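The values are calculated or read from the model by the stated rules, or taken from the named source; none is laboratory data. It should be emphasised that the depicted structure is a prediction, and the values quoted were computed from it without experimental measurement. Because the Cβ atoms are built from the backbone with ideal geometry, glycine has one as well, and the counts that use them run over all protein chains shown. Only protein heavy atoms, including side chains, enter the accessible area calculation; ligands, DNA and RNA are left aside. Shrake-Rupley method; radii C 1.70, N 1.55, O 1.52, S 1.80 Å.
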Amino acid sequence: MLPSTFYDFPIGDLDKSFRFAIIGIPWDGNSTHVIGNTRNAPSELRTLTTFLGRATENGNNIMDFNAVDFGDVSVYPSLPDLTRDNISIMIKELIPWNKPYPIPIMIGGDHYCSYPVIKALNEKRSELKQEKFGVLIFDAHLDYYDKWLDVEEHFHCTVSKRISEIPNISAENMAIVGVRDLDTIEIEEAKKDNLFFIPSYKFSPKGASSGIEEQVVTIINHFRKQKISHLYISIDIDSIDGALAPGTPYAIPGGFKYRELWYMLQKIIEQFEIVGLDVVEVAPDLDTSSKITQITAIKLITELMGFITQKIK
Ligand SMILES: [Mn+2]
């Protein structure tokens with residue numbers, strides 16, 4: 001039988017201290033697209049970890065990361081309020097008052113799943129008077145519609161706007177990086193709120209690597225200017241070039257290579273404390289037969305864990 005947890009990590013036990021907690025949110029009911037079963041990503045990614053090596057590229061043993069797998073949030077597609085509550089309860093349970101809490105690593109689901117996670121993290125951390133945090137999003141999209149089709153507030157394409165409304169966060173303490181498929185209405189909304197975002201083309205003015213190095217400094221300086229020392233990082237897999245990670249409902253050309261994102265994440269993690277992470281919008285049914293998009297998502301998760309672990313050591 002195939003393992004039911006990510007990299008065979010033990011199932012969560014809240015009586016013990018852990019550094020990372022994997023949480024799946026198999027929810028794709030808030031996508032504007034008719035294609036892509038991102039709800040299946042948590043289980044498919046867990047299964048795929050069986051076939052991958054047990055060390056990061058820097059040689060860290062993934063099995064030594066002190067991580068647990070808390071399984072999936074109970075999702076009721078026709079009951080979004082209840083589903084949001086379930087997400088909030090699960091995230092808040094992770095954060096005890098008296099010890100460092102495990103960093104939640106959420107696997108979506110569509111991008112909307114990030115909102116209830118970030119909201120719950122902010123509520124619980126504020127209650128415990130912990131440092132406020134900024135939100136760094138890698139995405140081909142701004143997801144900054146105020147309302148989708150003028151009516152729907154809670155959708156994957158409104159997620160960045162909803163995150164900006166969370167107390168302590170605000171648009172100024174966010175950065176959306178790798179944007180290249182956007183609407184004028186979102187740009188207007190973003191300008192109005194002074195939202196910081198970097199379009200994809202800015203990463204390669206003089207060839208990809210020099211653009212990346214320059215922009216990563218811009219991202220770090222943006223958060224420093226806002227006096228942000230703690231970050232939540234959300235990775236929409238469509239921030240990777242659509243040709244390299246086609247298994248996502250909105251695959252768009254002109255995105256990052258895996259190595260470019262890897263480099264930026266490493267540099268950013270050197271500078272900030274990480275309060276939570278997610279990887280969203282991975283659609284196993286749209287992936288290639290070699291499952292390259294899903295493997296990219298797993299690699300990003302374990303490499304991120306490696307960067308954080310290396311820093312603490
Ligand atoms: Mn996107």
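Can you name the residue in the stretch 10-41 that is aromatic (Phe, Trp, Tyr) and not in a strand (DSSP E or B) and is also nearest to Asp236 (Cα to Cα) among such residues? Per the criteria, the residue is Trp27. Restricting attention to the stretch 276-313, the residues that are at pLDDT below 95 and assigned to a loop (DSSP other than H, G, I, E, B) add up to 1. When the stretch 148-165 is limited to residues that are surrounded by fewer than 18 Cβ atoms within 10 Å (Cβ to Cβ) and more than 15 Å from the ligand (Cβ to nearest atom), the one that is modelled with the lowest pLDDT turns out to be Val151. Considering only residues in the stretch 89-123 that are in a helix (DSSP H, G or I) and of a type in the set (Phe, Trp, Tyr), the one that is least open to solvent (accessible area, probe 1.4 Å) turns out to be Tyr112.
Under the condition of being outside any helix (DSSP H, G or I) and either more than 16 Å from the ligand (Cβ to nearest atom) or out of contact with any Ser or Thr (no Cβ under 8 Å at 6 or more places or on another chain) (or both), the residues counted in the stretch 166-191 number 9. In this structure, is Tyr250 out of contact with any Lys or Arg (no Cβ under 9 Å at 6 or more places or on another chain), of a type in the set (Phe, Trp, Tyr), open to solvent by 10 Å² or more (accessible area, probe 1.4 Å) and over 29 Å from Gly59 (Cβ atoms)? Spelling it out, Tyr250 is indeed out of contact with any Lys or Arg (no Cβ under 9 Å at 6 or more places or on another chain), of a type in the set (Phe, Trp, Tyr), open to solvent by 10 Å² or more (accessible area, probe 1.4 Å) and over 29 Å from Gly59 (Cβ atoms). Residues in the stretch 244-265 that are within 21 Å of Ile298 (Cβ to Cβ) and within 16 Å of the ligand (Cβ to nearest atom): Leu244, Ala245, Pro246, Gly247, Thr248, Pro249, Tyr250, Ala251, Gly255, Phe256, Leu261. Within the stretch 192-242, the only residue that satisfies the criterion of being within 16 Å of the ligand (Cβ to nearest atom) and open to solvent by 50 Å² or more (accessible area, probe 1.4 Å) is Phe197. Set side by side, the residues Thr32, Thr49 differ, and just one is of a type in the set (S, T, N, Q) and modelled with pLDDT of 95 or more, which is Thr49.
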